[in-house]
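Contents: one structure, followed by commentary.
The values are calculated or read from the model by the stated rules, or taken from the named source; none is laboratory data. This structure is a prediction, so every number in the text was calculated from the model and none was measured. Cβ placement follows ideal geometry from the backbone for every residue including glycine, while neighbour counts extend to all protein chains displayed. Heavy atoms of the whole protein, side chains included, go into the accessibility calculation; ligands, DNA and RNA do not. Shrake-Rupley method; radii C 1.70, N 1.55, O 1.52, S 1.80 Å.
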Amino acid sequence: MNNNDPTIVITNDDGIYAEGLNYLFKAASNLGNVVIVAPASEQSAVGHAITIYDPIRAHEISRGGAFYGYGVTGTPADAVKIAIHKLLPRPPDLVISGINDGANLGINVLYSGTVSAATEAAILGVSGMAVSFNQKRKPRFDWAVPHVERIGRWILRKSLPKGVAISVNIPALPPEQVKGYRLTRQSIRTMRETFEQREDPRGGRYYWLKGEASPSDSAHDIDVAAIDEGYVSITPLHFDLTAHSEFSKVRQRMEDL
Ligand code: MN
């Protein structure tokens, strides 16, 4: 490592002690100097939330007696902001978020803290990459490491278009069984949601959200299809949420507004 090596900030939404972050560290260490700036606690499904009514602290976390990284008392978007604005002497070359315990496909992109960390980087003018692994029970994060390294190196070499972050979803397959990398659209697969209703020890009612992915369209170029067919899915995202393709339809309707 030397000063000419790229600087890579790694973060996540599963918290600084999550196993997936360790594996992301392994992959990113082969790309440059790594700084860990991650939420101090689990932040899955917080989306792009930021903290404005409470102070944010960046605790220096040690592991095995050595400095490991900054544990931020906030969301993934907070962690990226603090890293870029305060903790690093100059902006990093790349922010990688993950490796998330579970895929982020379809509309889950909106709820995902993992993805929001990458789009926050894009907002701040830094290349952002979110990595999610499509396996919930005992994920083999080691299977994801070579892909993260390869895609990270590719971004550092080619850079991403301005304002664009990528969301990478990796199938639960050993690296040699992965068929390749596929550029995908975010599917609009939604969730079939139910609330399980239970009772607390005092007789009060509470609810717990459960969701199953509903079937999506069968297009070949959507994120879900790539994963199902054994490809690593790479979806480019932009923080501009304007429905550009529907602009004229809305304008037509505005004639009698
Ligand atoms: Mn998560």
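Filter segment 1-30 down to residues that are within 11 Å of the ligand (Cβ to nearest atom) and part of a loop (DSSP other than H, G, I, E, B) and give me whichever is surrounded by the most Cβ atoms within 10 Å (Cβ to Cβ). Top of the filtered list is D13.
For I84, all conditions in the list (1) hydrophobic (A, V, I, L, M, F, W, C); (2) open to solvent by 30 Å² or more (accessible area, probe 1.4 Å); (3) touching a residue at least 60 places away in the same chain (Cβ under 8 Å) hold save one; what is the number of the exception? Exception for I84: condition (2).
For segment 44-57, a residue qualifies if it is of a type in the set (A, V, I, L, M, F, W, C), open to solvent by 50 Å² or more (accessible area, probe 1.4 Å) and either in contact (Cβ under 8 Å) with a residue 12 or more places away in the chain or not in a loop (DSSP other than H, G, I, E, B) (or both), and the qualifying residues are A45, I50, I56. Please work out if S41 is open to solvent by 60 Å² or more (accessible area, probe 1.4 Å), modelled with pLDDT of 95 or more and of a type outside the set (A, V, I, L, M, F, W, C). Considered against the rule, which asks whether it is open to solvent by 60 Å² or more (accessible area, probe 1.4 Å), modelled with pLDDT of 95 or more and of a type outside the set (A, V, I, L, M, F, W, C), S41 comes out as yes. Filtering segment 111-143 to residues that are within 14 Å of the ligand (Cβ to nearest atom), of a type outside the set (S, T, Y) and part of a helix (DSSP H, G or I) leaves G113, V115, A117, A118, F141. Does segment 243-256 contain at least one residue that is closer than 26 Å to K138 by Cβ and either within 22 Å of the chain's Cα centre (by Cα) or charged (D, E, K, R) (or both)? No, segment 243-256 has no match at all.
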